[in-house]
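The values are calculated or read from the model by the stated rules, or taken from the named source; none is laboratory data. Please read all numbers here as calculations on a predicted model, not as lab measurements. Neighbour counts run over all protein chains shown; Cβ positions are idealised from the backbone, glycine included.
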């Protein structure tokens, strides 16, 4: 398998792994834990804070237990408490987060009734006293009387203990059995319950369960608005209190039934519950379990707490309770109603109901419908696809920047849904997928591509510049050292008079000079994306267009030659300062079809080029000395380059070749030549035309003027000598202006 294909396939496997989790085909516990953590972080970051005065919590706190006595209190005290709350303080509605499952026998009434039916059956005075005292001793009756006709909602619990015994009485279900027949809705379902005494339940305005849904990590984030027991459906304490405030409207579940399937299951879930009333319709978003996400306002203390000791003693200010929604519960640790929540490890359970009531009134409950699965899947496909195909094409720095940008966008999108739309969008799978693909690609680049780069460096590093090695290593399958035919441009350079220079220097000094010279010239070649072929003594051979294709190989070669001449002038300044001889070089360049590849014997091989075009380049390098110019290029090179100004030097016939070729000297980039250089070129073209027309006088005149402009030009001297020779020995009428070389 090709490395690039393997890279994409392994990345796709990671995407599919996250997709399976998001689509609920299976669940990865670490992703669920991360989603829970992120949910809690978002909850804490966006807490509205402040104290909501609409709800007060009547607290059975440590002070109440110290003043009134240990819990449970007698029902006559609760009856007095109820009367005080409504008659003196004028609360709007009372919710009791406590179950009264057993009769209150603390008055001794039960003992007196046993005596009256036994030992004192015939004692008339005792019987009369009992009947007179019965109303005062019937504490449950007093509490029943206090509840009747008042807006009080009792609490009860549903138990998940299979085979457990149910106690007390349940209120009528909010929706009867069969209300959701044919719909695959995973309600929170319970096999038993613990209710209030039937008389108390009958006297109260209603009741609601106070069961939260405890998530896998022990944190309370949701409360089922409707729970199932034996096929019927029962409302939560907070929903029952809200309905009582609104005049007990019916609960209208949303209808989102669909014939299609999602995640392998029929999607007939609920998205919300509607409560239509005279005050308008209150919509309660619910999740797939018909549970509401608790809209925590803040840490403990988001509502006013009033100690029941102060209420019973009537010390509490009336204005703190009048017209308020009251919840009776406990914060005393010994009464075991503390919960682990996103905003606190010991959070009073009664405050959970308070948060839900105000959240439903304000419409601040966040929604997490079942179709959020589809959004999660779509986001994974989109982000995963982008990252899968983009990261392998980027440098490590750009990959890091891209990944951070994607993460920032994901966070912004998620927070946008959370804050703006009150919508809970899972984040863990997409977030970890982004990080995972980044780490995978970085690891691949480090362990796999670095090995490929090392291999390429071993194969091509001695020939091509590092940036080309890096470019090649991205798609190693596209490159090899096998021989092939291609149009390339080749360059030869040589030091003029090297033999005499070397004879006058010490070996170490000569070696240092050559290293400095060859290093400087090689840098120029590689700066222009050239491939270094070899050093031949003082000569350099390089070519362009292989192993990395280069549409401008001719142009890069010519620019390299011009830069070599410029770099040599800089080097000569340094050599003069050190008392070393200056260097002059000739450069020959030609473009054409040639064979390129790894060639040689089993003992030694080299990545090189062969062909007639290569040979001509070598001969052009040799001709630079003849013509007194630094660089000569062949006609194919001249035709391939558009933005460099050339002057035609001659038309020559190399030894062994029948057809003549034009040779040119590059002068520089078109936009960089001075006006004087253009004037000199114009004058040279006139001289060359006169020379080929055998107009020796005109040619000599122009060459004389050119010599005055550039007295050090060997080219002008050469042509002046030719004019003088041809004037004395005319070449004849059939002369074609071509110079024939008899040596290589």
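Okay, here's what the table says:
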| item | result |
| --- | --- |
| Criterion violated by residue 570 - all others in (1) under 50 Å from the mean Cα position of the chain (by Cα); (2) touching a residue at least 60 places away in the same chain (Cβ under 8 Å) satisfied | (2) |
| Odd one out for residue 556 among (1) touching a helix residue (DSSP H, G or I) at 6+ places or on another chain (Cβ under 8 Å); (2) buried (at least 17 other Cβ atoms within 10 Å of the Cβ) | (1) |
| Subset of region 309-350 [touching a strand residue (DSSP E or B) at 6+ places or on another chain (Cβ under 7 Å) and closer than 17 Å to residue 93 by Cβ] | 311, 320, 321, 324, 325, 326, 327, 328, 329, 350 |
| Near pairs, Cβ below 8 angstrom, 6+ apart or cross-chain, from region 400-424 (closer than 24 Å to residue 288 by Cα) to any residue that is modelled with pLDDT of 95 or more and exposed (fewer than 13 other Cβ atoms within 10 Å of the Cβ) | none |
| Residues satisfying the stated conditions in region 687-697, i.e. in a helix (DSSP H, G or I) and buried (at least 16 other Cβ atoms within 10 Å of the Cβ) | 687, 688, 690, 691, 696 |
| Selection count, region 275-299, where residues are surrounded by fewer than 17 Cβ atoms within 10 Å (Cβ to Cβ) and under 38 Å from the mean Cα position of the chain (by Cα) | 1 |
| Number of the condition not met by residue 637 [criteria: (1) within 60 Å of the chain's Cα centre (by Cα); (2) assigned to a strand (DSSP E or B); (3) crowded, with 18+ Cβ neighbours inside 10 Å] | (2) |
| Subset of region 419-454 [outside any loop (DSSP other than H, G, I, E, B), more than 22 Å from residue 384 (Cα to Cα) and at pLDDT 75 or above] | 419, 420, 423 |
| Any chance residue 381 is under 22 Å from residue 286 (Cβ atoms), outside the structural domain of residue 276 (by TED's automatic domain parsing) and in a helix (DSSP H, G or I) | no |
| Residue tally, condition touching a residue at least 60 places away in the same chain (Cβ under 8 Å), assigned to a helix (DSSP H, G or I) and either over 20 Å from residue 662 (Cβ atoms) or in contact with a strand residue (DSSP E or B) (Cβ under 6 Å, 6 or more places away or on another chain) (or both), over region 698-744 | 1 |
| Count of region 362-372 residues which are farther than 20 Å from residue 40 by Cβ and surrounded by 18 or more Cβ atoms within 10 Å (Cβ to Cβ) | 2 |
| Residue list for region 150-165, filter: modelled with pLDDT under 95 and part of a loop (DSSP other than H, G, I, E, B) | 160, 161, 162, 163, 164, 165 |
| Residue 662 vs. criteria surrounded by 11 or more Cβ atoms within 10 Å (Cβ to Cβ), at pLDDT 90 or above, at negative phi and not assigned by TED's automatic domain parsing to the domain that holds residue 638 | no |
| Of all residues making up region 310-338, the number that are surrounded by fewer than 21 Cβ atoms within 10 Å (Cβ to Cβ), in a loop (DSSP other than H, G, I, E, B), out of contact with any helix residue (DSSP H, G or I) (no Cβ under 8 Å at 6 or more places or on another chain) and touching a residue at least 40 places away in the same chain (Cβ under 8 Å) | 2 |
| Checking residue 588 against (1) farther than 25 Å from residue 657 by Cβ; (2) touching a helix residue (DSSP H, G or I) at 6+ places or on another chain (Cβ under 7 Å), the condition it does not meet | (1) |
| Residue within region 227-237 that is modelled with pLDDT under 95, closer than 26 Å to residue 44 by Cα and touching a strand residue (DSSP E or B) at 6+ places or on another chain (Cβ under 6 Å) present | no |
| Condition check for residue 96: within 20 Å of residue 358 (Cβ to Cβ) and in contact with a helix residue (DSSP H, G or I) (Cβ under 9 Å, 6 or more places away or on another chain) | yes |
| Any hit, region 713-721, residues being closer than 25 Å to residue 557 by Cα, surrounded by 17 or more Cβ atoms within 10 Å (Cβ to Cβ) and not assigned by TED's automatic domain parsing to the domain that holds residue 540 | yes |
